[in-house]
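The values are calculated or read from the model by the stated rules, or taken from the named source; none is laboratory data. Keep in mind that what you see is a predicted model, and the values were worked out from it rather than measured. Glycine also receives a Cβ, built like all others from the backbone with ideal geometry; neighbour counts cover every protein chain displayed.
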Amino acid sequence: MHKKRPVYIIDEMSECVSNMIRKGRDARKFLQWLRAVRQRESESLRFIVGGSVSLDRVVEGINVSLINDLNRVYVDGFSKEIALK
C-alpha cells in the first residue's frame with residue numbers, strides 16, 4: 001500500500017525570513033528548526049517553499065547551508081498577454 005504524505009506549502013518564505021532579519025528576530029534559529037523538521041520527517045512530510053524573491057539571496061548573510069537541502073525549481077513570469085487574462 002502506498003502511504004500518503006501531507007504536503008505543507010509555505011508561500012513567500014523569503015519575505016518571511018527577510019522580515020525576521022529586518023526586525024531583529026532570530027531568523028537563523030527559525031531556519032535551523034525548519035531544516036531539522038524537514039530532515040526528521042522526510043519520510044512522512046513534504047514541504048513546498050515558494051516566494052517571489054530568491055530565498056538563497058535572503059539567507060546569504062545568515063547561513064545558506066540551512067536551505068541547501070531544498071531542490072530549486074525556477075518559474076518564469078507570465079507573458080503580458082497571459083497576465084492580463
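Quick notes on this structure:
- Checking Gly77 against (1) modelled with pLDDT under 90; (2) part of a helix (DSSP H, G or I), the condition it does not meet: (2)
For (1) touching a residue at least 24 places away in the same chain (Cβ under 8 Å); (2) aromatic (Phe, Trp, Tyr); (3) farther than 30 Å from Lys4 by Cβ; (4) surrounded by 13 or more Cβ atoms within 10 Å (Cβ to Cβ), each residue gets a yes or a no:
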| position | (1), (2), (3), (4) |
| --- | --- |
| Val17 | yes, no, no, yes |
| Lys23 | no, no, yes, no |
| Ala27 | yes, no, yes, yes |
| Phe30 | no, yes, no, yes |
| Ala36 | no, no, no, no |
| Ser42 | no, no, no, no |
| Arg57 | yes, no, yes, no |
| Glu60 | no, no, yes, no |
| Ile67 | yes, no, no, yes |
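- Applying the set (1) over 9 Å from the mean Cα position of the chain (by Cα); (2) small (Gly, Ala, Ser); (3) in a helix (DSSP H, G or I) to Ser44 leaves exactly one unmet item: (3).
Okay, residues lined up against (1) at pLDDT below 90; (2) of a type in the set (Ser, Thr, Tyr); (3) not in a helix (DSSP H, G or I):
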position: Leu34; (1), (2), (3): no, no, no
position: Val37; (1), (2), (3): no, no, no
position: Ile48; (1), (2), (3): no, no, yes
position: Val58; (1), (2), (3): no, no, no
position: Gly61; (1), (2), (3): yes, no, yes
